[in-house]
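Read-outs throughout are calculated quantities, based only on the coordinates presented, and are distinct from any laboratory measurement. Values in this document were obtained by computation on a predicted structure and should not be read as measured data. Ideal geometry is used to build each Cβ from the backbone, glycine not excepted, and the neighbour counts take in all protein chains shown.
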Amino acid sequence: MDLLTNLALGFDTALTFYNLLYCFIGVFIGTLIGVLPGIGPVATIAMLLPVTFTLAPVSAMIMLAGIYYGAQYGGSTSAILINLPGEVTSVATVLDGHAMAKQGRAGVALATAAIGSFVAGTISTFLLAAFAPPLAELALKFGPHEYFALMVLGLVASIVLAHGSLLRAVGMILLGLLLGLIGADVNSGAQRFTFDIPELADGVGFVVAAMGMFGLGEIARNLENEATRNKLVGSVTTLMPTREDFRRMVGPILRGTFIGSALGILPGNGALLASFSAYSVEKKISKTPEQFGKGMIEGVAAPESANNAGAQTSFIPMLTLGIPSTPVMALMIGALIIQGIQPGPTVVTNQPALFWGLIVSMWIGNVFLLILNLPLVGLWVRMIMVPYHMLYPAILVFCAIGVYSLSSSTFDVHLMALFGVLGYVFAKLECEPAPMLLGFLLGPMMEEYLRRAMIISRGDATTFLTRPISASMLIIAVVVMVIVLLPAIRKTREVAFKEED
Amino acid sequence: MTIRNPKDFWSGLLFLAVGGTAVLLAQKYKLGTAFKMGPGYFPTALGGLLALVGLLAVLRSFIRPGTAIEPFHWRLLLMVTGSTVLFGLLMRGAGLSVAVLALVLASSAASIYFRWRTALILAAGLTVMTVLLFVKGLGLPISLIGTWFGG
């Protein structure tokens with residue numbers, strides 16, 4: 001039983017005192033920022049990246065991962081209690097979760113969200129343990145052709161998952177790819193797009209760009225609606241769902257977990273689309289679809305299970321292929337590189353303690369989260385009441401110090417401010433930042449793999465189509481693109497994202 | 001010709017400008033061949049594609065209607081990013097403590113709930129906290145007092 005020995009190794013690693021501590025710190029911070037609207041896991045993990053220098057690699061990864069899936073739990077709390085999603089992935093929960101709170105069933109809604117997340121987290125941890133190693137084994141056979149094709153597929157998928165105009169999403173990806181090329185070219189050493197600024201020779205830091213767009217740009221947007229924020233509705237009385245509630249949530253939780261696990265693997269924000277898809281599936285198969293939005297427990301159980309499952313399975317491409325599929329995963333890769341570990345298919349075999357320890361810690365983290373979010377819900381309710389005008393200056397301080405400490409460079413701080421402006425403008429133009437950041441990360445890698453592939457095949461581009469794995473990935477990419485452009489699908493996609501507004 | 005989708009129009013224009021500039025700048029780098037790509041090959045291709053996407057978006061903006069762009073609140077944006085720039089300017093010379101104080105005070109002023117008293121308390125609290133956390137706790141090599149004050 002290979003899996004069992006591996007899991008035993010994982011438990012050995014994750015159950016040490018320090019790793020338990022960092023797991024707890026991670027999920028605690030995750031819940032905190034999840035509860036607080038206006039600060040998400042991307043900015044938080046970026047801020048804490050310098051802190052991880054001092055930790056052991058396993059502890060660092062366990063903590064950062066905890067922040068990410070912890071935020072999925074926390075996001076539902078503010079969605080239910082103040083009608084404002086703490087995280088984008090909880091947007092679908094707002095509809096029925098807040099309606100339940102208005103009926104005095106806030107506690108039950110919170111419990112449903114936590115139970116759903118826990119079940120989803122447990123199942124998706126097993127999926128991760130079962131599917132990641134064989135995938136990594138397959139990835140060991142990948143050459144530059146396959147990696148390039150895989151990245152094309154990833155970028156196409158992220159276009160599909162972006163909301164708003166498809167054309168603008170394509171533009172954002174290309175823009176990101178170009179931004180990623182800033183700095184010295186690895187092959188020739190030529191300085192590209194550096195405008196003779198020495199600080200740009202190493203390229204633009206991903207953390208700098210991510211914090212500018214997700215941190216600063218978001219703050220400026222949140223301040224626009226400051227007056228309408230934070231109104232606590234519904235007090236938390238009884239947490240215990242009734243027998244009838246339990247009966248009704250089983251199906252949605254399992255379906256949500258399945259949808260979330262499948263979509264979470266895809267690049268872009270799989271967890272976001274997963275929560276919407278899970279919600280609309282429940283609405284579609286329900287006998288009383290007209291009751292949705294009026295406090296249906298299914299409308300809380302499904303999206304909350306889906307987003308947690310999606311958050312966890314999004315680790316699969318990162319751990320097995322070394323390819324970031326979301327901005328958060330890019331930061332995780334950054335943390336690994338800081339620790340001197342080259343992410344990729346070899347992590348499973350070369351760093352088994354890290355790999356299995358991380359997976360097992362996710363399950364332990366889910367247990368922590370269940371405890372943190374149910375008996376201690378009162379604490380988070382109080383956190384929500386911290387007014388935004390006290391919160392955002394603190395976020396700015398953490399962003400500024402975080403970016404400065406990366407390389408003791410004030411240039412980076414100013415560059416972050418510039419990305420803040422960009423993030424704000426793009427938000428106004430409804431251009432999604434996530435595909436851009438994905439392109440930004442993949443830009444240099446794609447160029448490198450393309451160049452190598454072309455050298456291997458002596459300039460013959462048709463080899464991308466004669467190698468079976470690369471060909472099938474490119475074909476899937478084309479099929480996905482065509483499907484999305486079909487008028488019927490296009491309409492459902494627009495409707496799916498409409499519910500968010 | 002009227003712009004029926006301002007979001008498409010302006011983002012398209014932006015893509016067109018950036019893509020075009022990238023192609024122009026990339027001409028300075030060696031293009032190479034498909035077999036042996038030079039540093040200019042990939043940027044030229046990407047810039048060209050981006051410009052094309054931008055052009056399509058601009059053209060589409062005249063045909064397919066869309067919603068109006070929400071108003072820009074430049075003052076808010078400027079205060080948030082400007083206070084960050086201020087932090088950067090003060091960091092070396094005045095040191096972390098002054099930089100954090102300035103950042104908190106300047107950014108707090110962007111809020112409609114701004115009061116001097118709460119902002120000062122918040123600034124002082126955050127300064128103490130960051131010093132304890134980042135410098136004492138994590139030992140990051142940041143000077144509390146900058147070169148201007150002989151730090």
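In a simple Cβ point-charge model (Lys, Arg +1; Asp, Glu -1; nothing else charged), the range A:89-199 has a dipole of about 460 debye relative to its Cα centre. Projecting label points 7 angstrom from Cα along Cα→Cβ for A:LEU3 and B:LEU59 puts them 5.3 nm apart.
Once the Cα-Cα distance is subtracted from the 0.36 nm per residue extended length, the A:THR194 to A:PHE11 segment shows a gain of 61.2 nm. Assuming R0 = 25 Å, can you tell me the calculated FRET efficiency for the pair B:LEU78 and B:LEU133, based on Cβ-Cβ distance, to the nearest 0.05? With a Förster radius of 25 Å, E is 0.30. When you count the other C-beta atoms within 10 angstrom of each residue and take the mean per peptide, A:339-349, A:187-197 line up highest first as A:339-349, A:187-197. Ranked by the mean number of other Cβ atoms within 10 Å of their residues, highest first, the peptides B:94-107, B:30-43 come out as B:94-107, B:30-43. Between the alpha-carbon centres of the range A:246-291 and the range A:350-408 there is a gap of 25 Å.
Contact order for the range B:74-149, expressed relative to its length and based on alpha carbon pairs under 8 Å spaced 6+ residues apart, stands at 40 percent.
Listed peptides B:70-76, A:439-445, A:114-120 appear in the order A:114-120, A:439-445, B:70-76 once ranked by packing, highest mean of other Cβ atoms within 10 Å at the front. Apply 1/(1 + (r/R0)^6) to the Cβ-Cβ distance of A:LEU239 and B:THR118, taking R0 = 41 Å, and write down the FRET efficiency to the nearest 0.05. For R0 = 41 Å, the calculated efficiency reads 0.75.
Mean per-residue shielding of peptide A:386-393 is 6, counting Cβ atoms of other chains within 10 Å of each Cβ. Note on A:ILE469/B:PHE149: beta-carbon distance plugged into 1/(1 + (r/R0)^6) with R0 of 60 Å gives a FRET efficiency of 0.45. Counting only other chain Cβ atoms within 10 Å of each residue's Cβ, the peptide A:172-182 averages 6. Sort out for me the Cα centre separation of the range B:76-101 from the range A:128-205, rounded to whole Å. Between the Cα centres of the range B:76-101 and the range A:128-205 lies a distance of 32 Å.
Each listed q (0.07, 0.08, 0.10 Å⁻¹) maps to a log10 I(q)/I(0) for the protein assembly as shown from the Debye sum over equal C-alpha point scatterers, namely -0.43, -0.58, -0.94. Taking Cα centre as origin and charging only the Cβ of basic (Lys, Arg, +1) and acidic (Asp, Glu, -1) residues, the dipole magnitude of chain A rounds to 1020 debye. Along the range B:31-45 the Karplus relation, 6.51 cos²θ - 1.76 cosθ + 1.60 evaluated at θ = phi - 60°, assigns HN-Hα couplings of 6, x, 10, 4, 5, 10, 6, x, x, x, 5, 5, x, 5, 4 Hz to successive residues, with x for each Gly and Pro. With a simple spin-label model that places each label point 7 Å from the Cα along the Cα-to-Cβ direction, the separation between B:GLU70 and A:LYS284 comes to 3.0 nm. Counting only other chain Cβ atoms within 10 Å of each residue's Cβ, the peptide A:216-224 averages 6. Applying a length cut-off of 24 Å (Cα extent along the axis) and a mean Kyte-Doolittle floor of -1.0 to the DSSP H helices of chain A leaves A:17-35, A:57-82, A:106-139, A:144-161, A:243-264, A:352-373, A:388-407, A:410-428, A:433-456, A:468-485. Across chain A, the mean sequence separation of Cα contacts (distance under 8 Å, 6 or more residues apart), normalised by length, yields a relative contact order of 29 percent. Distances between every pair of Cα atoms in the range B:74-149, grouped in 5 Å steps from 0 to the bin holding the largest one, split as 3, 17, 23, 24, 18, 10, 4, 0 percent. Annotation: extensible slack from A:MET385 through A:ASN187 equals 66.0 nm (criterion: 0.36 nm per residue apart, minus Cα-Cα distance).
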